[in-house]
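Structure first, then comments.
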Amino acid sequence: MSTEILTVDGLKKHFVIGYEGTINRRPIKVKAVDGINFGLQEGETFGLVGESGSGKSTIAYITVGMYQPTEGKMYFRGEDLFAGNLERPLPLRKEIQIVFQDPGSSLNPRRTIRQILELPLRIHRPKEDPLHEVMRLLDMVELPIEYMHKYPQMLSGGEKQIIAIARALATNPSLIILDEPTSALDVSVQGKVINLLLRLQRELGLTYLFITHDLSLMRNVASRVGIMYLGKICEVAEASQFFQDPQHPYTRMLLSSIPVVSEEEEAAKPEKIESTGEIPSPVNVPAGCSFHTRCPHVMDICKHVDPVMVDTSPGHMARCHLFEQPAELIAPFFVEHGDAVAQT
Amino acid sequence: MTEPLLDIKDLYVQFEVYGGRLEVLDGVNFRVGTGEKIGLVGETGCGKTTTMKAILRILPEPPAVIPRGEITFKGRDVLKMNSAELSKVRGRGISMIFQDPTAALNPVFTIGQQFEPVIRYSSPQNRRLSRREIREKAIVSLQEVALADPERLLDSYPLQLSGGMRQRVCIGMALATHPELLIADEPGTSLDVTIQDQVLRLLRELVEEKHTSVILITHTLGVVRETADRVYVMYAGNMVEVAPTPKLFANPLHPYTQGLMQAVPKLTGGGVAHGIPGRIPDYLSPPSGCRFHTRCPHVMDICRREKPPFFSVDGGHQVACFLYDKSPEARRDEAVAA
């Protein structure tokens, strides 16, 4: 039985973007992440998928400690990552690293590759010979050793991202957060970067939190998948099961919208659900289930009561009123609206 | 085949830069028939957008230089037009939708204010229209792109709209002039999957209804498969393959197209292919002969010496690769080699 390396419990992150009212000033909040639970198993690749503004990156940034959560807890191997609101201790920081989406802006253009890779080494592993380690890192990611004298702008997009991966590896982490690592790259380069990541995972026993909006890519790299919509997770499942039998209406809409390149793939997609409506603004999240404005199966209860995660089959969870919800959650609604609604 | 709407013959575009000339477009041939939906695929930096900008003559000249070539739109060469003639082609003849709707709309003017000149200068009759008449036309255009509450939209600023709505406004604006050719430069790339699906569906419906020809530029092969009738594949300033969409996806011929297809992660699983080794060549000193020879798994001697012309394989499927050269000389060479 594998153990959980990262546990996320009721995580919330609200950003205050302004105030309304003159006398009773109330903050206007963006609920970027609004009550999220999930766990990462040691050595797995957990894929987090969602449209822009769904809060994927906010989760990434909270995990590496760039943001403090508004509410909720996050544990790394049982250790509270935000204990006492103190700055995260070095040994813990070393364990969790991140690769950003755009390698063009995540590498300092005025530093050579050697300087870029030496910085984490000097902070986290001061006793080791940095030059030797830089050479080892470049070798690990299959780049020529001469590259350490180059500047980022001399490299192609794919090579820059590989340097960003090497930098994340410099501290010998056990968990790496990949925040859309290939979405800025061409497909012809994407394969190289992804295969490098998979090889490194095998060799070093890494755990990945893989964030992307590309479901086809996710199908090929993730062991488990979580789908996000407006700050909440709406479905979690094993990757193979998820693609065979998606449960949540949003997930089915998402899967049926993917443009694919072959007939076999077309056959593997769920029945076409025409996508309608706009993604609501995260400042003004609809009441009840946040997807009800676009859902083809919308019921009355969806507009009032936000569903919770329920098991639809072992290891497969969805958050939707189509699946039986706990009685204490839906009972008040039916009492209020009478039995007429319950029958529809 | 009848006279094509747009016909590009042997187009070269170069950029004067410090240290030499970037030879970007290297003899591009491209044609769009009336009412046809064309897909143009290729990696970043392969010259897709440069080609389109050359058609509209919106490349900054200098540094851009067009030493050779012909761009015939409705029987007239765009490269020989003066600015008055060009302004008739732009908008009325050819409209363009850009990749990023946020950058394409001016943030300090309302949608209505941006719509007005588009409609006013789209035809001589429209010049004399009153503000209210123009507004009514704008409302019709917004309704066509399935936007609710167009009255209120016209008084909104771009930042008040979502990405999908902005892109639909751009499509509405591009179609408001009733162009004969619509160039859509990665119209869905900056949008989310479900929203991209909506926008592309809308675009397909509109162009079919209005019989507009479309050039859809993208680097997402799946999008092309769902939208285009015929696909051009571009690599490093050259067209390398052209075929009707079903043929291209069933049987890609050029090694570059094959590599590209394999590199796309599949929804059915099966892992991620390694992609195409190497990278797009430097345009300052592009490789001799076939520009793909530095990355090609089937490279032959002739590829390094000569630039491959288009070889017809069957029914409109053409490929610029010596592997498909079935001329008598090529067969003799093969026999000698064997």
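What follows is calculated from the coordinates using simple rules that are stated; it is not laboratory data. Note that the coordinates shown come from a computational prediction; the quantities given were computed from them, not determined experimentally. Reconstructed Cβ throughout: ideal geometry from the backbone, glycine too, with neighbour counts over all protein chains shown.
For the stretch B:82-154, just say rounded, prolate or oblate: build the C-alpha gyration tensor, square-root its eigenvalues into a ≥ b ≥ c, call rounded for a/c under 1.5, and beyond that prolate if a/b exceeds b/c, oblate if not. Working shown, then result.
Values: a/c = 1.88, a/b = 1.24, b/c = 1.51.
Since a/c reaches 1.5 but b/c is at least a/b, the shape of the stretch B:82-154 is classed as oblate.
Which net charge results when you count Lys and Arg as +1 and Asp and Glu as -1 among the other residues whose beta-carbon is under 11 Å from that of B:Ala104?
-1
On a full-extension model of 0.36 nm per residue, what is the gain between A:Val310 and A:Ala267, subtracting their alpha-carbon distance, rounded to one decimal in nm?
Length gained between A:Val310 and A:Ala267: 12.6 nm.
Give the percent of DSSP beta bridges with both residues in the stretch A:4-245 that are antiparallel, rounded to the nearest 5.
60
How do A:244-255, A:157-168 rank on mean C-beta neighbours within 10 Å, highest first?
A:157-168, A:244-255
Once you have the Cα-Cα distance between B:Gln143 and B:Asp229, take 0.36 nm times their residue separation minus that, and quote the gain in nm to one decimal.
28.3 nm
Cβ neighbours within 10 Å, averaged per peptide: list B:28-39, A:270-281 in order, most packed at the top.
So the order, starting with the most tightly packed, is B:28-39, A:270-281.
Filter the cross-link list B:Lys88/B:Lys210; B:Lys9/B:Lys48; A:Lys31/A:Lys160; A:Lys160/B:Lys266; A:Lys13/A:Lys160; B:Lys9/B:Lys210 down to pairs whose alpha-carbon distance in this structure exceeds 23 Å. Present the calculation step by step, with values, prior to reporting the outcome.
Numbers: B:Lys88/B:Lys210 20 Å; B:Lys9/B:Lys48 15 Å; A:Lys31/A:Lys160 33 Å; A:Lys160/B:Lys266 25 Å; A:Lys13/A:Lys160 31 Å; B:Lys9/B:Lys210 27 Å.
Among B:Lys88/B:Lys210; B:Lys9/B:Lys48; A:Lys31/A:Lys160; A:Lys160/B:Lys266; A:Lys13/A:Lys160; B:Lys9/B:Lys210, the Cα-Cα distance tops 23 Å for A:Lys31/A:Lys160; A:Lys160/B:Lys266; A:Lys13/A:Lys160; B:Lys9/B:Lys210.
What average count of beta carbons from other chains do you get within 10 Å of the Cβ of residues in B:271-284?
Counting other chains' Cβ atoms within 10 Å and averaging over B:271-284 gives 5.
Per residue of A:258-271, count partner chain C-beta atoms within 10 Å of its C-beta, then hand back the mean as an integer.
Per-residue shielding by partner chains comes out at 6.
Given the rule -39500 (n - 2.57) for each run of at least 4 DSSP H residues, summed and divided by the residues of chain A, what is its mean residue ellipticity at 222 nm, to the nearest 500 deg cm²/dmol?
-10000 deg cm²/dmol, from helical runs alone.
When the Karplus curve 6.51 cos²θ - 1.76 cosθ + 1.60 is applied with θ = phi - 60°, which whole-Hz ³J(HN,Hα) does each residue of the stretch A:205-216 get, with x for Gly and Pro?
Couplings: x, 7, 10, 10, 9, 9, 9, 7, 10, 9, 5, 5 Hz.
Pull out a ≥ b ≥ c, the square roots of the eigenvalues of the alpha-carbon gyration tensor of the stretch B:207-338, then state rounded if a/c is under 1.5, prolate if not and a/b is larger than b/c, and oblate in the remaining case.
prolate
Excluding residues fewer than 8 places away in the same chain, name every one of the aspartates and glutamates whose C-alpha is closer than 19 Å to that of B:Lys80.
Within reach: B:Asp7, B:Asp10, B:Glu61, B:Glu70.
If each of B:Lys210 and B:Glu306 carries a label point 7 Å out from its Cα toward its Cβ, how far apart are those two points in nm?
4.5
So if I take the centroid of the Cα atoms in the stretch B:270-322 and the same for the stretch B:19-42, what is the distance between those two points in Å?
Spelled out, the Cα-based centre of one part sits 16 Å from the other.
If you take every DSSP beta bridge whose two residues both sit in the protein assembly as shown, what share of them, in percent to the nearest 5, is antiparallel?
Here the antiparallel bridges make up roughly 60 percent for the protein assembly as shown.
Sticking with the crude label model, points 7 Å out along Cα→Cβ, report the distance from A:Glu274 to A:Asn24 in nm, one decimal please.
Taking the two extended label points, one gets 4.4 nm.
What ranking do B:130-136, B:280-286 get when scored by the average of other Cβ atoms within 10 Å per residue, highest first?
B:280-286, B:130-136
From the P(r) of the stretch A:4-245, can you give the percent of Cα pairs sitting at distances over 23 Å?
52
Rounded, prolate or oblate: pick one for the protein assembly as shown, where a ≥ b ≥ c are the square roots of the eigenvalues of its C-alpha gyration tensor, a/c under 1.5 means rounded, and failing that, prolate if a/b is larger than b/c, else oblate. Show your work: numbers first, answer last.
Numbers: a/c = 1.75, a/b = 1.20, b/c = 1.46.
Because a/c hits 1.5 or more and a/b fails to exceed b/c, the protein assembly as shown counts as oblate.
If you take each beta carbon of peptide B:218-227 and count the beta carbons of other chains within 10 angstrom, what is the mean?
4
Can you tell me what share of the DSSP beta bridges in chain B is antiparallel? A percent to the nearest 5 is fine.
DSSP beta bridges in chain B are roughly 60 percent antiparallel.
What pairs from A:Lys303/B:Lys137; A:Lys73/A:Lys94; B:Lys53/B:Lys326 go past 25 Å between their alpha carbons?
Violating the 25 Å limit, Cα to Cα: A:Lys303/B:Lys137; B:Lys53/B:Lys326.
Are there any trypsin sites (Lys or Arg not before Pro) in the stretch A:4-62 that are in a DSSP loop and have at most 11 other Cβ atoms within 10 Å? List them by number.
Hits after loop and neighbour filter: A:Arg25.
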